[in-house]
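The values are calculated or read from the model by the stated rules, or taken from the named source; none is laboratory data. Note that the structure is predicted; figures quoted are calculated from it, not measured. Cβ placement follows ideal geometry from the backbone for every residue including glycine, while neighbour counts extend to all protein chains displayed.
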Amino acid sequence: MSYELKSADVLVGELCSYGDSRLRVRGPKRDLSGPYISFLGGTEVFGRFVERPFPQGVEGQLGLACVNLGCINAGVDAFVHDESLLEVAAGSDLTILQVMGAQNLTNSFYKVHPRRNDRFLRPYDALTHLFPEVDFTDFHFNKHLLTSLKSVSEDRFARVQADLQDVWVTRMGRLIDGLNGRVVLLWLRYDMGVPETLGPSPTLVDSAMVDVLRPSVSDVIELDVTTAGQVQDTRGMIFGPTDLPVAQLMLGPREHDRIAEAVAARLLGLLAAA
């Protein structure tokens, strides 16, 4: 067997929170009294089903504490509105900020859950007027919503997409400003290995959007990565047998190690020049 027969919540003991934050991020909770690098991001930074996510690997190579503020299913909104986590990140020597998808943002057309940003809460009038034939009670997740809207009308969906992309640039810019510009963007690009009508991950993010942010950050690390299922990288992942389909869509241990090596190599140069 390439997996351990444990529950899907086996890593729940590795969850923690900082200050008044209601976001549960990857633990164990770290001492913030000394120098450290912070990592802000979603499921990939958290390292779902993985014992040693790449921020921990970077720490081993740099010899500098790396605080994992990754949160499963979090998007940009979760961090923009979390003063406690922003304070932790702003207190670091440098923040590695994951380029997260644009679909998980409250925008002019719909509202998402404030912490579980992948959850669709409700449409605004602009969306119900744009898609009067759609029953929005059928949707609980943003990707399902957007995929369905695109199948109904690509022209009308393009208006929603454009708004999401504009909001993403604005909110990412606000997040970077809140971190005093001491930011390195980490753009993990991958194809999920399944039919994906919204394009590769991170969803609805393109190079033009990232280019807008480049002048405001110290560097942009771009890496093409593959899921555990695509490269048979589930060995060593921790999950129950019913979670195998989900685990195969995550990044596996070897891929986390590869990301750690690439990130550490770039940060060594940045820190040396600082």
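Search the range 228-242 for residues being buried (at least 20 other Cβ atoms within 10 Å of the Cβ) and touching a residue at least 24 places away in the same chain (Cβ under 8 Å), and hand back the single one that is nearest to the chain's Cα centre (by Cα).
Residue satisfying both the conditions and the ranking: Ala228.
Cβ-Cβ contacts under 7 Å between residues 6 or more apart (or on different chains), taken from a first residue in the range 152-171 that is touching a residue at least 60 places away in the same chain (Cβ under 8 Å) to a second residue that is part of a helix (DSSP H, G or I) and surrounded by 14 or more Cβ atoms within 10 Å (Cβ to Cβ), are listed as Gln165/Met209; Trp168/Val76; Trp168/Met209; Arg171/Val76; Arg171/Asp77; Arg171/Val80. Per the conditions (1) modelled with pLDDT of 95 or more; (2) assigned to a loop (DSSP other than H, G, I, E, B), the sole criterion not satisfied by Leu175 is (2).
It is to be established whether one or more residues within the range 53-60 are modelled with pLDDT under 95 and charged (D, E, K, R). No. The set of residues in the range 61-83 that are surrounded by fewer than 22 Cβ atoms within 10 Å (Cβ to Cβ), touching a residue at least 12 places away in the same chain (Cβ under 8 Å) and assigned to a loop (DSSP other than H, G, I, E, B) comprises Leu64, Ile72, Asn73, His81. Evaluate the range 203-216: report whether one residue or more is crowded, with 17+ Cβ neighbours inside 10 Å and without any contact (Cβ under 8 Å) to a residue 60 or more places away in the chain. Scanning the range 203-216, I find at least one residue that is crowded, with 17+ Cβ neighbours inside 10 Å and without any contact (Cβ under 8 Å) to a residue 60 or more places away in the chain, so the answer is yes. For beta carbons closer than 7 Å, sequence separation of 6+ or different chains, a first residue in the range 103-130 that is more than 12 Å from Leu164 (Cβ to Cβ) and a second that is basic (Lys, Arg) and in a loop (DSSP other than H, G, I, E, B), the qualifying pairs are Arg115/Arg22. Residues that are surrounded by fewer than 16 Cβ atoms within 10 Å (Cβ to Cβ) and of a type in the set (A, V, I, L, M, F, W, C) were ranked within the range 135-161; the one that is nearest to the chain's Cα centre (by Cα) is Ala158. The one condition from (1) under 24 Å from Gln103 (Cα atoms); (2) at pLDDT below 95 that Trp168 does not meet is (2).
Taken over the range 247-274, the residue count meeting the criterion of being surrounded by fewer than 22 Cβ atoms within 10 Å (Cβ to Cβ), aliphatic (A, V, I, L, M) and either closer than 18 Å to Val220 by Cβ or in contact (Cβ under 8 Å) with a residue 12 or more places away in the chain (or both) is 9. Take the conditions touching a residue at least 24 places away in the same chain (Cβ under 8 Å), closer than 25 Å to Pro114 by Cβ and surrounded by fewer than 19 Cβ atoms within 10 Å (Cβ to Cβ) and apply them to Gly178. Does it pass? Considered against the rule, which asks whether it is touching a residue at least 24 places away in the same chain (Cβ under 8 Å), closer than 25 Å to Pro114 by Cβ and surrounded by fewer than 19 Cβ atoms within 10 Å (Cβ to Cβ), Gly178 comes out as yes.
Just checking, how many residues over the range 39-82 are among the aliphatic types (A, V, I, L, M) and under 18 Å from Gln248 (Cβ atoms)?
Looking only at that region, the number is 2.
Looking only at residues in the range 10-60 that are within 14 Å of Gln98 (Cβ to Cβ) and assigned to a loop (DSSP other than H, G, I, E, B), the one that is farthest from the chain's Cα centre (by Cα) is Pro53.
Which members of the range 208-251 meet the condition of being in a strand (DSSP E or B) and in contact with a helix residue (DSSP H, G or I) (Cβ under 7 Å, 6 or more places away or on another chain)?
Matches in the range 208-251: Asp219, Val220, Ile221, Leu223, Met237, Ile238, Phe239.
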